[in-house]
Amino acid sequence: METRTKIALVTGGSRGLGKNSAIKIAQKGLDVIITYKSNKEEADKVVEEIKALGRKAIAYQLDTKDVKSFDAFVKTVGDHLEENTGSRNIDFLVNNAGTALYMPIPDVTEEQLDDMVDIHFKGVFFLTQKFLPFMNDNGGIINLSSGLARFAMPGSSVYGSMKAAIDQLSKYMAKELGPRKIKVNAVAPGAIETDFGGGRTRDDKNANAMVSNNTALGRAGLPDDIGGVVAFLCTEDARWITAQRIEVSGGMFF
Ligand SMILES: NC(=O)c1ccc[n+]([C@@H]2O[C@H](COP(=O)([O-])OP(=O)(O)OC[C@H]3O[C@@H](n4cnc5c(N)ncnc54)[C@H](OP(=O)(O)O)[C@@H]3O)[C@@H](O)[C@H]2O)c1
C-alpha cells in the first residue's frame, strides 16, 4: 500500500465548485494546488482553510484561456513540487475553471464563441496535455461538464456544446491514458448556487424556482453537493471508475 501523500491540482479553486472540491479533496488527505484567475484574496483564504486541515496547499494565478502561459505554469508548479516533495509530479488534475455565457444564437459574437472554446475546451485540452509528463500513473483527471451537455436551454448553445465536447474528450482521454492507469471522468453538475453567470441560479428567484421545479430533489444545487463527488474520484475507492460522465444534478430535467 502506497503511503506517499497524493497531490491534486484544481483550476479555478478560489470560488464555487473548485473551492469546495479543493477543500473536500484535502479532507480526503491529499495536498492541493489551486489556481485562480484574478481573485488572489479568495484563493489565499482557500489555501489557509486547507492548511488548517493539516494539508499542504498553495495558490497560483492562471488564465486557462492563455495556452501560451501553460509551459511556464507547469514549470512553476514542478519547481515548487520538486523542492517540497522531491518529484515534479501531481496525481490528480481537476479541470474546473470556467465562465458562463447566456446568449441566444442570433446574438453570439465570434469573440464570445472563441472565449468559450478557449476556456472550456482548448484550455482544458492543452493544460492536460502539458501536465501528462508530470502526472503519476494510477492518478486521475476530472473534467467539469454540465447538465447543459445533456439537455438544451435557450441561450446556452455555445456553453452547452463546449461541455458536450468535454464529455467526449474525457472518454478519449480515458482511452489513451488507460494504459497508464490514469482514470478520466467528467463530473456534470446541474444548476448550482455559485457566482457562476453572475450568480443567476443563486440570486434570481425565478431562475432558482425554475431549477427547483425541474429537479427531482426539489431544489437548486449547492457547492457542497459537488465537491465531495470530485474528491471521491481522487480516492483509491474510485480506482475502477473511468470514462464516465457522472451527473450530479439532484435529478434535473430527466
Ligand atoms: N455553477 C453551476 O451552475 C455550474 C453547473 C454546471 C457546471 N459548472 C461548471 O463548474 C465549473 C466551476 O463553476 P463555478 O460555478 O464554481 O463558477 P464560479 O463560482 O464562477 O468560479 C469560477 C472559478 O473559475 C476561475 N476562472 C474563471 N475564468 C477563468 C479563466 N479564464 N482562467 C482561470 N480560471 C478562471 C475563477 O477564478 P477567480 O476567482 O480568480 O475569478 C473561479 O475560481 C465551471 O467549469 C462551470 O462551467 C457550473
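The values are calculated or read from the model by the stated rules, or taken from the named source; none is laboratory data. Being a predicted model, the structure only gives us computed values, none of them experimental. Backbone-built Cβ (ideal geometry, glycine too); neighbour counts: all protein chains shown.
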Could you tell me which residue of region 96-130 is nearest to the ligand (Cβ to nearest atom), considering only residues that are of a type in the set (D, E, K, R) and over 27 Å from L177 (Cα atoms)? D115
Output the residues belonging to region 184-221 that are within 15 Å of the chain's Cα centre (by Cα) and more than 9 Å from the ligand (Cβ to nearest atom). V184, N185, A186
Determine whether A152 is more than 20 Å from the chain's Cα centre (by Cα) and either away from the ligand (no atom under 16 Å from the Cβ) or surrounded by fewer than 23 Cβ atoms within 10 Å (Cβ to Cβ) (or both). yes
Taking into account only those residues within region 53-112 that are among the polar types (S, T, N, Q) and assigned to a loop (DSSP other than H, G, I, E, B), which is surrounded by the fewest Cβ atoms within 10 Å (Cβ to Cβ)? T109
In region 196-254, what residues are surrounded by fewer than 19 Cβ atoms within 10 Å (Cβ to Cβ) and hydroxyl-bearing (S, T, Y)? S212, T235
Pairs needed: first member in region 86-107, of a type in the set (G, A, S) and at pLDDT below 95; second member anywhere, near the ligand (Cβ under 10 Å from one of its atoms) and not in a loop (DSSP other than H, G, I, E, B); C-beta distance under 7 Å; at least 6 residues apart or different chains. none
Has region 147-165 got at least one residue that is in contact with a Ser or Thr (Cβ under 6 Å, 6 or more places away or on another chain) and either part of a strand (DSSP E or B) or basic (K, R) (or both)? yes
For region 31-44, state whether one or more residues are of a type outside the set (K, R), in contact (Cβ under 8 Å) with a residue 12 or more places away in the chain, part of a loop (DSSP other than H, G, I, E, B) and away from the ligand (no atom under 14 Å from the Cβ). no
